[in-house]
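One structure below.
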Amino acid sequence: MNGAVGGERSRLDDAARAGWLYYVAGNTQDEIARKLGVSRQSAQRLVSLAVSERLIKVRLDHPIARCMELSAALRERHNLRLCEVVPSDPAAPGHLAGVAIVGATELERLLKSKEPKIISMGTGRALLACVEQMPAMECPHHRIVSMLGNMMSDGAATPYNVVIRMAQRVNARHYPMPLPVLARNPEELAILHALEPVSNTLELCRQADISFVGVGNLDLRAPLVADGFVRPDELRALERAGAIGEITAWVYDENGQLIHGLTNNRVASAPLDVDATRPVVGIATGTVKAPAIAAALKGRLINGLITDEATAQLVLELD
């Protein structure tokens with residue numbers, strides 16, 4: 001009897017995985033067959049089963065067992081307020097669709113609240129992908145606030161302006177941070193933070209009901225370096241100081257402790273609320289980010305996580 005139940009669960013798990021690969025990741029049935037190690041006919045039947053069992057609606061509606069196990073393990077180990085793990089596409093480890101859909105679902109749930117909410121947002125590809133998955137909504141009673149500057153050093157807008165795009169999507173009041181990501185020096189930072197629009201935005205970040213942030217690794221490919229905010233020589237100095245990741249440009253070590261001095265002396269972002277009593281949800285995917293995610297969890301820089309299966313597995317192994 002138990003074997004029959006286990007077999008049915010496994011069959012539905014395979015169908016859900018095939019459905020995700022087909023409808024979310026955009027794989028062909030031949031590609032699904034190769035990734036799951038089954039024949040093309042079996043892959044076709046699994047996709048059909050996902051539809052007939054109503055596992056597929058607009059979003060994948062079946063909790064794949066392995067993802068649930070990883071989510072439960074991360075929740076328990078780090079006392080997380082929220083943890084969602086989506087299937088990984090082995091051929092596209094950086095694919096954002098699954099994580100974006102789950103992030104969009106959480107944002108949509110919050111925005112449906114009739115009680116006014118303040119939502120503070122970081123930036124990055126993953127967060128922008130979440131916003132792009134959201135439906136159009138009318139939410140004028142909510143406020144969306146940026147946690148970090150939205151300007152390059154030359155005054156150009158940063159490429160992933162999440163707050164403005166989200167506000168356009170849901171018609172909510174929004175508060176961008178009219179600053180560069182990094183000030184030139186601590187003295188300039190003090191002047192910028194004293195400006196009334198900036199101090200108002202920082203106060204809204206402090207009052208936020210929930211925050212969503214990206215989690216970044218630190219290497220030459222990292223956005224902080226690739227976009228020119230941090231020079232290669234500054235990156236080397238950060239690495240020597242033990243830097244392993246960054247959240248809203250705040251750089252931290254393998255224990256989730258902020259690096260003393262260096263670029264952290266010039267970060268214009270709202271302060272990170274360590275061990276916050278409110279939800280601070282990190283949204284990140286890709287095994288290259290696993291060490292940064294593990295450190296952020298260890299240091300309680302985030303108390304919620306939305307990631308993919310392969311990344312979640314590696315984070316647990318690094319703990």
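Taking the Cβ-Cβ separation of E69 and D219 as r and a Förster radius of 25 Å, what is the calculated FRET efficiency to the nearest 0.05? That pair, E69 with D219, gives E of 0.25.
Put in line by how crowded their Cβ is, counting other Cβ atoms within 10 Å and starting with the fewest, I32, I164, I283 read I164, I32, I283. Amide H contacts of L305 (H built 1.01 Å from N, in plane; Pro and chain starts excluded): L82, C83, E84, G282 sit under 5 Å, all sequence-distant by 5 or more or on other chains. Among S120, S48, the ranking by other beta carbons within 10 Å of each residue's beta carbon, starting with the fewest, stands as S48, S120. Of I56, I247, A73, which is farthest along the charge dipole of the chain in the positive direction, counting Lys and Arg as +1 and Asp and Glu as -1 at C-beta? The Cα lying farthest towards the positive end belongs to I56. Computed over neighbours whose Cβ is under 14 Å from that of T287, the net charge equals -3, Lys and Arg +1, Asp and Glu -1. Largest GNM mean-square fluctuation across A16, A190, A294, computed for the chain with C-alpha springs under 10 Å, falls on A190. Each of V315, V251 was scored by other Cβ atoms within 10 Å of its Cβ. Listed from fewest to most, they are V251, V315.
By DSSP, the beta bridges lying fully in the chain are antiparallel in about 30 percent of cases. Taking the convex hull of the alpha carbon positions in the chain and averaging its projected area over all directions gives 17.6 nm².
By the gyration tensor of its Cα atoms, with a ≥ b ≥ c the square roots of the eigenvalues, what is the shape of the stretch 64-121: rounded for a/c under 1.5, prolate for a/b over b/c, or oblate? Oblate is the answer for the stretch 64-121, as a/c is 1.5 or above yet b/c matches or exceeds a/b. Averaging Cα coordinates gives a centre for the stretch 215-230 and one for the stretch 98-125; these two points are 25 Å apart.
Beta-bridge orientation, the stretch 32-191: approximately 20 percent antiparallel, per DSSP, counting only bridges with both partners inside. Would you mind classifying the stretch 92-213 by shape? Square roots of the alpha carbon gyration tensor eigenvalues, ordered a ≥ b ≥ c; an a/c under 1.5 is rounded, otherwise it is prolate if a/b is larger than b/c and oblate if not. Since a/c reaches 1.5 but b/c is at least a/b, the shape of the stretch 92-213 is classed as oblate. Among beta bridges from DSSP that stay inside the stretch 179-319, the antiparallel ones total about 55%.
Laboratory data are not the source of any read-out in this text; all were calculated from the coordinates shown. Predicted model only: the values in this text are computed from it and were never measured. Backbone-built Cβ (ideal geometry, glycine too); neighbour counts: all protein chains shown.
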